[in-house]
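Structure, as structure tokens:
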There are 2 protein chains.
Amino acid sequence: WRRLYEVAKLLELKARLGGDDGKHQFVLKTAKGTRDYNPKQMAIREKVFNTIISCFKRHGAETIDTPVFELKETLTGKYGEDSKLIYDLKDQGGELLSLRYDLTVPFARYLAMNKITNIKRYHIAKVYRRDNPAMTRGRYREFYQCDFDIAGQYDAMIPDAECLKIVHEILSELDLGDFRIKVNDRRILDGMFAVCGVPDDKFRTICSTVDKLDKMPWEDVKKEMVNEKGLSEEAADQIGEYVSMQGGMDLAERLLQDHKMSQSKQACAGLSDIKLLFSFLQLFQVTDKVVFDLSLARGLDYYTGIIYEAVLTQAGVAAVSNEAQNGANAEESVSVGSVAGGGRYDGLVGMFDPKGRKVPCVGVSIGIERIFSIMEQKAEASAEKVRTTEVQVMVASAQKNLLEERLRLVTELWNAGIKAEVMYKKNPKLLSQLQHCEESGIPLVAILGEQELKDGVVKLRVVATREEIDIARTDLTSEIRRRTSEA
Amino acid sequence: WRRLYEVAKLLELKARLGGDDGKHQFVLKTAKGTRDYNPKQMAIREKVFNTIISCFKRHGAETIDTPVFELKETLTGKYGEDSKLIYDLKDQGGELLSLRYDLTVPFARYLAMNKITNIKRYHIAKVYRRDNPAMTRGRYREFYQCDFDIAGQYDAMIPDAECLKIVHEILSELDLGDFRIKVNDRRILDGMFAVCGVPDDKFRTICSTVDKLDKMPWEDVKKEMVNEKGLSEEAADQIGEYVSMQGGMDLAERLLQDHKMSQSKQACAGLSDIKLLFSFLQLFQVTDKVVFDLSLARGLDYYTGIIYEAVLTQAGVAAVSNEAQNGANAEESVSVGSVAGGGRYDGLVGMFDPKGRKVPCVGVSIGIERIFSIMEQKAEASAEKVRTTEVQVMVASAQKNLLEERLRLVTELWNAGIKAEVMYKKNPKLLSQLQHCEESGIPLVAILGEQELKDGVVKLRVVATREEIDIARTDLTSEIRRRTSEA
């Protein structure tokens, strides 16, 4: 590893010094933690987005967009410790600006600014975090978020349940293997900490230690609580008992009877809502994947009620990076973990309103980069070729001096709405025209020759079977449409 | 005007000082020169993008994406004087970064970095310029570019002609009124300057004066050439004669015979290519809108051959800003001018290649913000309501205590792929459910009551006609599909 690192350093240095001519001394790369999407990756990205957007639209969502940068002060005080990861723009005179860190804070700013009190919207856009990139695990400094949120004063748990229904639909349709959606409630966590004897001022820090339970065994989590955070051994053990609990509506009922938990009003409110949530989830037919899990403790400060997170459970699900695919370190494929998360945040919009008026919100964010990684890996593994264009037919000819005739025909096709290509050469070889079709998966070739022109026909060749038939020129577009509509 | 400005200043000051509680002292706004897109604007944006993307795909283009920021040095030396408009990121340790200024330079960087020698790609993304915003004219600091480019060594003028065909198709389909596509060639401009006696070192500066001809009368342009740029009166007059010329293939032929113009080898090469271009444009059936115009002189340095620009010619085409729509200064509606532009740039990729290998490129950029402005204005003027969701049916009830039944039914519909909504209330009033349908253009309501549940039917109401019929529950999804498929 060290040697690899040193070699890379030397290569970088060489690149900086430039070639012999000293003319091109720049480094030809994208910024750290970012990447280009090539056409194949874009085709996969488009497919994933279409599935997600269809689902959001099926549930009646509108969409909005906000600028990539916000006034710096808009983002100030919203992300706690993570604020250090915000990208600032250089002060070039005028306003101080920062790149957005998520889509939730701009959404809250939008609601407050436009005095909107209820909306159901989705927003798909890139966000920016100066984090340590781990591109092998789908962690980038520039990455997409796909957010769906419901803002408005409604009856309890109905919009919350719909968010979980949406996660269920999307993960099922994307066919990523089995998954679980863990749910919990901030009020249950806080109530639990209170009845276990955690001092009020340690709720947040203990909460972030609990959050590590999906990466660390309980023994280590306990050690951190006791040794680093100064919690008593008994308090830690009591927490340990609770956070090992998983179940459904029955668990919420049992905890409502629990002599300790029932002492906390907050916890009881949370538990009643979990019960109500499960009753709606039953109607939505999604309880098979949802589990009430007291160890779930998402990091963000702004959550005030229900929280949830979806994880892929299938053994062997792994994401490989572009580097890995290129052979550099293919062994480093790792589990992708959480692919969606969200919760209720009833206080955030009020932070932006001059009079502090609250707008209750609940939402979910789909962790799309991890999903891309899995889909890319699946595409790589499968024999099926990913098409990067949708071309239906290539207009070709076997003879010389037919450029004008090819352009005339491709114009007819374009004007009829057919997706068609023609080679930008005066006299291309038939073989290279056919090869282009094979490579880019174009299913049909319309071949023109002197004879066909005389007869008023076009020779239509099916690339897969090499079958060729003469079609009257007037019937060509309908024939192409017929033959490519089943695809 | 001054008074309005002063009032605005005072209001801003008041906002800065915050309310009585002194708690919220921030300004609630987006960064200067940027804007949010609300759901209505997004619906229009989606429609415009779909038209453009369909056209790009019909012509067989793949798509790529690049990061929003690049290494600062990647952008250095590409934009001449406009470099001062580049947004830099703050130096927070690590690489020096800048927001992309256009999509062409990142495209050239992508080609060189991946050693790609031929590709036909489109890229739709936001770019950033610290320009003086003129939002009333659709000029923002954050705005979309829709670029289509063909890279590769091909026979002359075939890809160039396809770019013009694409502009023609897009502007026709968007139905923005009549338009003209002006074409010229950098080599013709340079040749013209040479034969008119412009010194070599003044080509660029005289060229940018010529570029002002669409905003200034010839007399003023001439004055600038003579008085500011020190050109001789005769040279200016000779240029004046040429730049007043417009035509088609015939003009190119005439100029090839012109005793002065024909002295320039460069000009002759450009004129021959214009002739060839027009012969392809005839085959593409687009000569009706294309005019060879010697006054066209686009600003960017990197063009090496053919250049073009599309303008809307319909009298009274005007763009209004959001502010104007809100009544603040509605009188300020102005012509939008150029809506597409591009050209051939054969040297740009070579600037990134360590060995300077060239990749010939030609491309076009659709000026989407101006098109949005026009479409918004049209939508505003038309009686037709812009829908911001695609919901087909609202699941409602007239009676109390039917929340569970509503949720059960909406689940059936979602699972069948129907776009459906339900109100997030235990007992919403029928009137408010119907009102929501009217407001958001939902065409159907599925009404549940005790009687319907007993009979195994759903009352389907057509919002527009108020017609109501009972449909067997098992037939409901197919009936909804049938009734909403024609839309």
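The values are calculated or read from the model by the stated rules, or taken from the named source; none is laboratory data. What you are looking at is a predicted structure, and each value in this text was computed from that prediction instead of being measured. Glycine also receives a Cβ, built like all others from the backbone with ideal geometry; neighbour counts cover every protein chain displayed.
Here are the numbers for the structure shown:
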quantity: Listing of helices (runs of 4 or more DSSP H) fully contained in the stretch A:192-294 that carry 3 or more residues being surrounded by fewer than 21 Cβ atoms within 10 Å (Cβ to Cβ) and free of Cβ contacts under 8 Å to residues at least 40 places away in the same chain; calculated: A:218-223, A:233-243, A:249-257, A:265-283
quantity: All positions within the stretch A:149-191 that are more than 25 Å from A:Gln314 (Cβ to Cβ), of a type in the set (Asp, Glu) and touching a residue at least 12 places away in the same chain (Cβ under 8 Å); calculated: A:Asp149, A:Asp160, A:Glu162, A:Asp185, A:Asp190
quantity: Tally of residues being closer than 16 Å to A:Pro39 by Cβ and in contact with a Lys or Arg (Cβ under 9 Å, 6 or more places away or on another chain) across the stretch A:364-386; calculated: 5
quantity: Residue in the stretch B:109-129 that is more than 8 Å from chain A (Cβ to nearest Cβ), without any contact (Cβ under 8 Å) to a residue 40 or more places away in the chain and over 23 Å from B:Cys361 (Cα atoms) present; calculated: no
quantity: Residue match in the stretch A:177-194 (condition: farther than 28 Å from A:Thr51 by Cα and within 11 Å of chain B (Cβ to nearest Cβ)); calculated: no
quantity: In the stretch A:134-150, residue farthest from A:Val286 (Cα to Cα) [restricted to those that are out of contact with any Pro (no Cβ under 7 Å at 6 or more places or on another chain) and within 11 Å of chain B (Cβ to nearest Cβ)]; calculated: A:Phe143
quantity: A:Glu173 surrounded by fewer than 21 Cβ atoms within 10 Å (Cβ to Cβ), within 11 Å of another protein chain (Cβ to nearest Cβ), under 21 Å from the mean Cα position of the chain (by Cα) and not in a loop (DSSP other than H, G, I, E, B); calculated: yes
quantity: Subset of the stretch A:329-356 (residues that are at pLDDT below 85, under 16 Å from A:Arg298 (Cα atoms) and outside any loop (DSSP other than H, G, I, E, B)); calculated: none
quantity: Test for B:Gly367: is it farther than 24 Å from B:Ala125 by Cα, under 21 Å from the mean Cα position of the chain (by Cα) and modelled with pLDDT under 90; calculated: no
quantity: Selection count, the stretch B:53-87, where residues are surrounded by fewer than 17 Cβ atoms within 10 Å (Cβ to Cβ), closer than 30 Å to B:His168 by Cβ and either of a type in the set (Lys, Arg) or facing chain A (nearest Cβ under 7 Å) (or both); calculated: 1
quantity: Residues satisfying the stated conditions in the stretch B:190-210, i.e. over 23 Å from B:Ser262 (Cα atoms) and not β-branched (Val, Ile, Thr); calculated: B:Ser208
quantity: Yes/no for B:Asp160 being facing chain A (nearest Cβ under 10 Å) and part of a loop (DSSP other than H, G, I, E, B); calculated: no
quantity: Among the residues listed as A:Arg137, A:Arg180, A:Arg187, the single one being among the charged types (D, E, K, R) and closer than 30 Å to B:Lys90 by Cβ; calculated: A:Arg137
quantity: Subset of the stretch B:88-102 that is over 16 Å from A:Leu97 (Cβ atoms) and within 7 Å of another protein chain (Cβ to nearest Cβ) - its residue that is surrounded by the fewest Cβ atoms within 10 Å (Cβ to Cβ); calculated: B:Gly94
quantity: Helices (runs of 4 or more DSSP H) enclosed by the stretch B:34-123 - at least 2 residues per element that are of a type in the set (A, V, I, L, M, F, W, C); calculated: B:39-58, B:104-113
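Okay, residues lined up against (1) at pLDDT 95 or above; (2) of a type in the set (Ser, Thr, Tyr):
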| position | (1), (2) |
| --- | --- |
| A:Tyr5 | no, yes |
| A:Arg16 | no, no |
| A:Thr51 | yes, yes |
| A:Thr63 | yes, yes |
| A:Lys72 | yes, no |
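Matching residues to (1) over 30 Å from B:Lys40 (Cβ atoms); (2) modelled with pLDDT under 95:
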site	(1), (2)
B:Ala420	no, no
B:Asn427	yes, no
B:His436	no, no
B:Glu439	no, yes
B:Leu448	yes, no
B:Val457	yes, no
B:Val463	no, no
B:Asp475	yes, no
B:Ser478	yes, no
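Conditions (1) under 22 Å from B:Ala269 (Cβ atoms); (2) modelled with pLDDT under 95, marked per residue:
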residue: B:Glu169; (1), (2): no, no
residue: B:Glu173; (1), (2): no, no
residue: B:Gly177; (1), (2): no, yes
residue: B:Val183; (1), (2): yes, no
residue: B:Arg187; (1), (2): yes, no
residue: B:Cys196; (1), (2): yes, no
residue: B:Asp200; (1), (2): yes, yes
residue: B:Ile206; (1), (2): yes, yes
residue: B:Lys215; (1), (2): no, yes
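To keep it simple, each residue is scored yes or no on (1) in contact with a helix residue (DSSP H, G or I) (Cβ under 8 Å, 6 or more places away or on another chain); (2) more than 20 Å from B:Glu309 (Cα to Cα); (3) of a type in the set (Ser, Thr, Tyr).
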residue	(1), (2), (3)
B:Leu176	yes, no, no
B:Arg187	yes, no, no
B:Glu219	no, yes, no
B:Glu224	yes, yes, no
B:Asn227	no, yes, no
